[in-house]
Structures are given as C-alpha cells and as structure tokens.
Number of protein chains: 2
Amino acid sequence: MQQNKFHSIYQHLVQDIKNGIYASGDTLPSENELAQSFSTSRETVRKALNRLSQHGYIQKVRGKGSIVLDMQKFDFPVSGLVSFKELSESMEEKPATTVHELTLTNPSAMMQEAMEIGEEQLVWNVIRSRAFQRESIILDKDVLLYSKIPKLSREICEDSIYSYIEHDLGLTISFAKKEITVEEPTQEDESLLDLDGFSNIVVIKNFVYLEDATLFQYTESRHRPDKFRFVDFARR
Amino acid sequence: MQQNKFHSIYQHLVQDIKNGIYASGDTLPSENELAQSFSTSRETVRKALNRLSQHGYIQKVRGKGSIVLDMQKFDFPVSGLVSFKELSESMEEKPATTVHELTLTNPSAMMQEAMEIGEEQLVWNVIRSRAFQRESIILDKDVLLYSKIPKLSREICEDSIYSYIEHDLGLTISFAKKEITVEEPTQEDESLLDLDGFSNIVVIKNFVYLEDATLFQYTESRHRPDKFRFVDFARR
DNA sequence: GAGTGGTCTAGACCACCAC
DNA sequence: TGGTGGTCTAGACCACTCA
C-alpha cells in the first residue's frame, strides 16, 4: 500500500464531491456504510471524514450525517484566523461601541445572493463603529436573519451580538468563512471612522453558519490599517 | 464524567505547559506513559495530543516524541492561510521574478533576535520582486540559514526556493508562523515596486520551521494592496 | 426505536530514531 | 534493539435526530 488508507479514502471522497456525485446539501453515506464499502474499520473512515471536515468539504451533524458544503469559492486549504477586533476582546482595553443603524428590512439584492435567501426574508441591519482611546478605528456592518433572531436591541448591539446569540438565544455557531481584502475607503468609512488621511481600509468579510449548515449572518469588519494586525499559525 | 476524557487530558497538558512543568524544547512523556498515568487508552491520549499540536502547543516527531513549542507570542488558536502569492502559484499565470540581491552575510541584530541565532551564523539574504502583467506588485525578502542551505544560485531564486529546499535538498518544512500587518511603504518598496500612488503595503511575515522544530527561514512578503486578497475558512 | 455520529478501548503492526 | 509516534482493527456504549 503506497498511501495511508484513510488518506486514499479522503481523496476518493474529495473526487466524488468535485465530480458532483455528492452535491452540496447532500449527506454522504453513513460511516458504517462507508466502512463497509471501503472494506475498512469505522475509525479509519472517521479519520478521512475529519480531514474532509477540516478542509471545508463537509460538515458533520450528530444524528443526521455528513453534509456536503458548497466549496465553489473556497477550494483551497485554509483555516483559523484572529483579527484585531477578536484580539481586543481578550485584552483589558475594551473598545467603545457606537450604534449608527439598527433596522429591520428586506435584504438588498447583493445580500439575497450572498446569503442565499429570498426577498421576503426579513433581515436585521446593524452598523457599529468601535473606538479605542477615543479614536474610531473599526466599522462593523452586520446582516442577520430575522427568522433566527426575533429580538435585537441597541443595548445588545453595544455589548456583543455574539454572546447574546450564543448565551441568551442558545444558538450554536458552527463555523465561519472569512475573506480579507484591502480596499479604498467609501464615503461611509470616511464619515464614521477617524481615517486621519489613511487611504486604505482592511476589510474582513465573515459568513457565519449555524450547526445545521445554514448561513445566518454576514459580517463586514472595516479596519483602519495602522491598528490592524493578524497573527497566524499555519501548519503545512 | 462532565467532559470528554480526551478534552480533559488536553486541558491538563495545556495547564502543565503554561505552568512551566514542561518547558519549551522539552519532550512530553510518551503516549504509552501518558495513557498509563491518565488511566486511558493510547488512542485517547493521541486525540488530546493531536489537539495540542493543532493549537500550536507541541510538535510531534516520529521516533522521538512530542516537543513543546514556544507559545509566548502565539497563545491564541489560529491556523492556515493563503496569500495572493501562494494562490498565484497554483494559477496559470506565473509571475516574473527579478532577483535584486543574493548575498551571504552575518545576520543583523534584528535577525539574530528573530531567528534566535548568533552573530557568527552566516545567513543568505535574498530580495526579489514579482511582476504580473509587467507590473511589479510583490517584494519578497528572505533570510535563510547557511548551515542548512550550503548552495543558492540566482537560477534557484528566480524559480522557487521552496521547491529547491524540499525536492533537491530533501529538507522537510514542518510549519510556519505568520503575521500580517499593513504598513507605510519604505524607500525600498517605492524603488522596487510599481506603487502607482498606493500609500500602504500589506506585509506578511513568515517564520518557517523544519521538522526538528528549528527556525531556519524568515520571509517577508510585501504586497501592493490592490492585488492582495486572503480567503480563510475558520472553524470555531 | 432504528440510525446517525462521538467517544473509548485493548490490542496489533509498522516506520523511524537513538543508543 | 528498544522506544517512539503513525496507522489500523473490531468491537462497545453513548447522545442525538427523525420517523
């Protein structure tokens, strides 16, 4: 045997997904079925499935199965990341949050596409700025599914939407896709942030999924570049 | 039992590392010893050790043991990442590389500290720019340990240093720590890149380690922000 | 209640490393 | 040659989902 058994099973399933044998949204055969059809033990199948999960091909749900995810835009191996905003939450200096918008509307065409929802699905729109030492540095724009979050208040937004979702509503956030770009500031950026002559904005886009693999939140975090910093620990 | 057994073992070992019971560079007790002292099976210990490894606490080396890593600067959970440069390597359009410097010198004081080496350790200094469609967009600055890489030529640098290291020298790169910031361009950036009025540079710093957990390369990749893009798939 | 994934066990053989 | 981690097996019990 040239390769590890679990690795060849992994590659086999990746090919099946890429060839459309399992479409996005489908569930894979159960671990017992896979063990039988690959003539191996269940633990070995589980190693292969865990790698598929780590690489973003599937999401495992207890009692249901392994759901195939949409990999179109994310077909290379990447993983965790910590932003300045997330870092600051574990530091002593808390940012001061100002809520600029908190509305309940129909989603824009762009959001309908990004979140794969219809026009009739109501969404919360939240815009907040974060200030450190009286300098407004981060602009956070959130879109959340009203069907999952029936109530949202200014107080909640000034604190932390995440802790409200997880602790008070009891929803379990499963994973997030992130995208980072550097862009020119918009008029909105210039009016709500202390840009101080900076001509670039670091934009972190988050697509947040629940345990059942449904997208329920889109977050855009726009950072002034001088206070921006990522640290990453990459395993090859 | 409140928690998973493997998770409580994981937490126990994390505490031991943070409390200095195992110092950076030490090896943990073997998997068989740990299985015995936690009254569990070896596979369960391995689950805990794999999580320690994923979170950057240890590095497992076959035949030797689990080496404790220095977590001082990296004590939060993060992982993989793909830069525009790394992406472009898997695309059809290859960048044109220009080698601006290829010298063998004593390391600067900054490099001595960053790479934890002495003044007498010779290092290669490589500076290259990468052009796409005749626009110079990325500046790559590399510092490599001469003791690991006795020969280095202009031809190798114009191709790929990585493939030379891995395929020709047979060295195995184990993992890399990355840091991303946005900075003002230096004079060097302005002279070697086509900045075109851009007043920011996206800087990706890489600390590359070999299998025996020794740091052997420092890479700094300086991108023009318009052609910069990260995509990340983060599991919580 | 049948089926799913999550955890755990006690063994086995292997490749690799150091002495 | 003995010890290390890497892989694999054939079972077991559990928590969870869904009809």
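The values are calculated or read from the model by the stated rules, or taken from the named source; none is laboratory data. The shown structure was predicted, so the numbers you read here are calculated from the model rather than taken from an experiment. Because the Cβ atoms are built from the backbone with ideal geometry, glycine has one as well, and the counts that use them run over all protein chains shown.
Data for the structure
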quantity: Residues of the range A:13-66 classified as under 21 Å from the mean Cα position of the chain (by Cα), among the charged types (D, E, K, R) and more than 9 Å from DNA strand D (Cβ to nearest atom), total; calculated: 3
quantity: Residues of the range B:90-115 that turn out to be modelled with pLDDT under 85 and exposed (fewer than 12 other Cβ atoms within 10 Å of the Cβ), as a count; calculated: 8
quantity: Residue check for residue B:14: within 10 Å of DNA strand C (Cβ to nearest atom) and either of a type in the set (S, T, N, Q) or more than 14 Å from chain A (Cβ to nearest Cβ) (or both); calculated: no
quantity: Residue list for the range A:23-32, filter: within 12 Å of DNA strand C (Cβ to nearest atom) and either within 14 Å of chain B (Cβ to nearest Cβ) or surrounded by 12 or more Cβ atoms within 10 Å (Cβ to Cβ) (or both); calculated: A:26, A:27, A:28, A:29, A:30, A:31
quantity: Residue in the range B:166-186 that is in the same structural domain as residue B:216 (by TED's automatic domain parsing), closer than 14 Å to residue B:220 by Cβ and modelled with pLDDT of 80 or more present; calculated: yes
